[in-house]
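For reference, the structure is listed below as C-alpha cells.
Each reported figure results from applying straightforward, stated rules to the coordinates on display, with no laboratory input. In this text the structure is predicted, and so the values were computed from the model without any measurement. Virtual Cβ from ideal backbone geometry, glycine too; neighbours counted across all protein chains shown.
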Amino acid sequence: MSLLSKIINTGVVTEKLDATSAPHRFRGAMRAGKQDCGACMACSETCPTGAIVIQNGRVQVNDKDCIFCGRCIERCEAQLIKNTGQYKLATLSGSLTETAGNELRKKIRRVLNRSMHIRHVDAGSCNACDFEMAALNNPIYDLQQYGIDFVPSPRHADLLMVTGVVTRNLTQALQMTYEATPTPKLVMAVGACAAGGRTFGDSYAIRGSVDKLVPVDIYVPGCPPRPQALLYGLLLALDRL
Amino acid sequence: MEQEKIWAGDLQAAAAKAYDNGRNSLVAMFANDERQIDGHFAIYCIFSLAQTPYFKILKAQLHESEPLEFPSVVPVTSAAAWYEREIHDLFGLKPIGHPDLRPLVLHENWPHDHHPLCKDFDIHTPVPTVSEEYKMEYVHGEGVFEVPVGPIHAGIIEPGHFRFSQAGENTIHLDAKLFFTHRGIEKAVEGLTIDKAFYQAERICGACTASHALSYSQAVESIAGAVISNRARYLRVIVAELERLHNHVGDIGNLCAGLGFAVGVSNGARLKEELMRLNELVTGNRFLRGLIVPGGAALDITTEIAHEISRMLRAIETDFIEVLDLLRENDAFLDRVNTTGILPRQAALDLSVVGVAARASGISKDMRRDVPYAAYQNMNFKVPVYTSGDVAARLWVRADETIQSIRILRQALAGLPSGTLRVEIPAIKPYSSGFGWSESPRGGNVHWLMIGEGNTIYRYFVRSASYANWPAVAVADPGNIIPDFPLINKSFELCYACIDR
Ligand code: SF4
Ligand code: SF4
C-alpha cells in the first residue's frame, strides 16, 4: 500500500532537455577576448591539462582538454579569460562531418534516428563521466523518452560511449568491443579524458584520448559533462535538436 | 607521529610486533625509491594502533647494493597481500614468502623487467606490449565449472574480470582480476607542483572526489605546517558530508537494482539527482570538485547557499525515510538481503577492512571520530555498527549514516565560523614527508606524500578505502548463489577508479 502511495505522491518528475539551466557557479567553457593579450603565458603555464595555446598573441582554449577548473581566469592579469557557463559543447567528427559525405551521414541518421542503442565502455575514467551517463537513465532525464537506450552487449549497440584516458590495461577490451559492434556504428568520446586524453598528463599506463585507438564521431567535453551535455551530444549526432 | 627506522631484512619481525596479534591493524604499505637521497629503497608500513598515538610507521630500508628483496609481511597479516604485489610490480622489490606473486596493477601486457615507479624509469620510455597468459585461480573437481565475467559488464559500471568456480548454482571460489583502468597517477604527478598535481588527486575517483581532495590537501598542510582557518574546516565538513549523502542515497538505490526492485531504483536515482544538483549549486560541479583545495577552501558558502542546503535537507530527509520504509516492510526484499554475502568479523579484521564494510561486520571504526580532521571534533554524531556482516547490515549502516550526515550538515551550517578561506602553502623543506586522511563514503582514505625540490611531488601514494576492502568481496561471496553476486558486490559498493589510480 505504501508502495503505491509513494509512487502516486511522487508523480511524474521527468524533464525535457532544457527544463533546467546550470547554476551560477557552474563555470562551463572558457573563452578569451579577441584582443592581443601580450602573451605573458601565465594561463597556459598554469593550466593543469595543457588546454591553452597562445598563438600570435591570441589565447585559444581547447574545449576537449579543459576541465573547467578556472585557474586560467585567476591567473590572467589582463582579465581576458572568462567562463561562459556553456555546456552544450559537443562537436561532430568522423562519419558525421560534411566531408564524410552526405550519403553516409544520412544513412546513419535514417537508421538510428528513432531508436538508438548504446553500449558504455569505461576505458580509464574516474567514474564521474560514467555516473553522469547512468544519470541519463534516472526518471528525471529518462533517456528512453527519446527512443535511446543502454544495452548490455556491444552486439546490440549502434553507439559506443567511451569514457576515460585509454589505459594500457583496457586497450584490448576497447578494441574488441569496437570490433564486436555491428556497422554502421558511432563512437562518442565522453569527457575531457576520452576527448582530450590530457587529464592525467603523461604516464606509463595511459595511451591517451580515445581517437588514438578507434575513430571518434562525437566529442563531448566536460569533466564530467553534465547529463544535459551528454543528451545534447546525442541529439546533435542524430540531428534532432 | 612515531616513525621507526629498521633494516628491510627485519621487516617481518618488526611488523609482527607492530601488528600485536591483531590488536593493531595495517593501514597501508608502499615503497619509495630513495636511492637519490641516501642510496636506499624504503618500504613504509603504516599501522593504526588501538590507542594513542593512533598511527605508527615502520620505515624499512634496503640498500641498493643488497639483493632487492624483503621478508613478506603476509604471514603476519593477509592485509599485506595486495600491497606487496604492487611493490613487486612497481619497484621490483621481491617479498620473499609471498604466497601469490602474480602481477597486480601491471597486467600481462607489461614486461617483467620494467618497474615504472623507480626513479630511473623515464615516463617516456617506450614499453613493448607483451602478451602472456594471466593465470586465474580456480577450483578443480568433478562437476565444478568456471564462469568468467567481464572486464566489460552489462551495466554502466567500471571494468573488472571475475572468475567464479561453481558447484551448481553455488559459488565455491571467486578470483578477481582488477586494475584495468590503472592510470599510473602516482608516477604522473611526480615533478609537478603541489597545486597542479592537486587536479589529478581530485580526479582519482569521481564518487570520492571530496575525500581525495581532503586527504591530499591535509597531507600537504601537515607537511608544510600550514594552519587553515576554522571557516575552511567547517566548509570542508559540509562538502565531505554532501559527498557521503549523494553516495549513500545513490548506493541504496543501486542496491535495489541488484535484485530488480524498480521502485527502489527509481526513487534512489531521483533523490540522488536532486543531491547532485545541490552539489553543483554549492561548488559548480556535480561531483563537488573545486571547493576543497590545499590551504583551505576556494569557494565560500554564502548565507543564500546555506539556506538552500538546509531547505534541501528537510525535503530529502522525509523523502528518504519514506523510501527506506518501503524496503523495511518488503519481505521479498528482506529475504534477498538478509544472511546474503556475510563477511565474518574475524575476516574483516584480518584484512584490515575499513568503512561501511567494517562497521557492518561489528568493527567500530570511523576516522572522523577516531582521528578527527577538519572540524569533526566539534560535530556530534553516532557511528552506527551492525554485527551480521551481510548485505542487509551494509545497507542499514548506510541508511543510518545518511541520517547522521544530515545531522552533521545541520550542525556545520549552524556553527559556520568566520575566517579567511585560504592560506598560502609555504616553501617546504625538500624530502619532507607526511600523510593525510579522511573517511570517504566507503571508509578511510589515506594519502602519503614526499615533497621534492621547489614544492613539487617526489612521491605520492594513495590507499583508498576500496583498496583495503576489495579482497573482502572474494571472502564474502563464496557460499552464495551466483545471481546474488551483483547484490553482494553492490553492497560493498567499491570503486575501481579509487584503486586504479
Ligand atoms: S579552466 Fe582549467 S583546464 Fe580549462 S583552460 Fe582554464 S586552466 Fe585549463
Ligand atoms: S573527464 Fe573528468 S569526470 Fe570524466 S573521467 Fe576524466 S577526470 Fe573523470
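Rounded to whole numbers, the Karplus 3J(HN,Hα) couplings from phi for the range A:50-59 are x, 7, 10, 10, 10, 10, 6, x, 10, 8 Hz, using 6.51 cos²θ - 1.76 cosθ + 1.60 with θ = phi - 60°, and x at Gly and Pro. With unit charges on the beta carbons (Lys and Arg positive, Asp and Glu negative) and the dipole taken about the Cα centre of the range B:1-96, which residue among B:15, B:54, B:96 sits farthest to the positive side? Ranked along the dipole, the leading option is B:54. Taking Cα atoms only, the orientation of helix A:168-180 departs from the longest principal axis of chain A by about 50 degrees. At full extension, residue B:328 and residue B:377 could sit 14.4 nm farther apart than now, given 0.36 nm per residue minus the alpha carbon distance.
Rounded to the nearest 500 deg cm²/dmol, what is the calculated helix-only ellipticity per residue at 222 nm for chain A, with -39500 (n - 2.57) per DSSP H run of length n ≥ 4? It comes out at -7500 deg cm²/dmol, rounded to the nearest 500.
Could you work out how far apart the two model spin labels at residue A:104 and residue B:195 are, taking each label as a point 7 Å from the Cα in the direction of the beta carbon, and quote it in nm? Roughly 4.6 nm, to one decimal.
Counting only DSSP beta bridges with both residues in the protein assembly as shown, the antiparallel share comes to about 70 percent. Applying a 4.7 Å cutoff between beta carbons, the unpaired cysteines of chain B are B:45, B:118, B:256. Annotation for the range B:318-353 versus the range B:440-471: alpha-carbon center distance of 29 Å.
For a 4.7 Å threshold on C-beta separation, the list of partnerless cysteines in chain A reads A:37, A:40, A:47, A:66, A:69, A:76, A:126, A:129, A:193, A:223. Look at A:109, B:328 and count the other Cβ atoms within 10 Å of each Cβ; fewest to most, that gives B:328, A:109. For the range B:236-273 versus the range A:98-159, the spacing of their alpha-carbon centroids is 24 Å. Sorted fewest first by neighbouring Cβ atoms within 10 angstrom, B:431, A:146 come out as B:431, A:146.
Taking amide H as placed 1.01 Å from N in the peptide plane, residue B:495 has its amide H under 5 Å from the amide H of B:466, each at least 5 places away in sequence or on another chain. Only helices reaching 15 angstrom along their own axis (Cα) with mean Kyte-Doolittle hydropathy no lower than -1.0 count here, and for the DSSP H runs of chain B these are B:80-91, B:209-224, B:230-257, B:262-283, B:303-328, B:391-415, B:465-476. With the simple model of a label 7 Å out from the Cα in the direction of the Cβ, residue B:5 to residue B:154 spans 5.7 nm. Please identify the trypsin sites (Lys or Arg not before Pro) of the range B:375-477 that satisfy two criteria: DSSP loop assignment and at most 13 other Cβ atoms within 10 Å. Which are they? Filter output for the range B:375-477: B:382. Taking amide H positions as modeled 1.01 Å from N, with prolines and chain starts lacking one, the residues under 5 Å from residue A:148 and 5 or more places away or on another chain are A:116.
Every helix of 4 or more DSSP H residues in chain B counts as -39500 (n - 2.57), and over all residues that averages to -12500 deg cm²/dmol at 222 nm. Extension gain for the segment residue B:169 to residue B:51, taken as residue separation times 0.36 nm less the Cα-Cα distance, is 38.0 nm to one decimal. Calculate how steeply helix A:102-112 sits against the longest principal axis of the alpha-carbon atoms of chain A, using the helix alpha-carbon long axis, and give the answer as 0 to 90 degrees to the nearest 10. The angle comes out at about 50 degrees.
The simple spin-label model puts a point 7 Å past each Cα toward its Cβ; for residue A:16 and residue B:63 those points are separated by 7.7 nm. Put in order of Cβ neighbour count within 10 Å, fewest first, the listed residues A:122, B:113, B:370 become B:113, B:370, A:122. Potential lengthening of the chain between residue A:86 and residue A:113 amounts to 7.1 nm, from the contour at 0.36 nm per residue minus the alpha-carbon distance.
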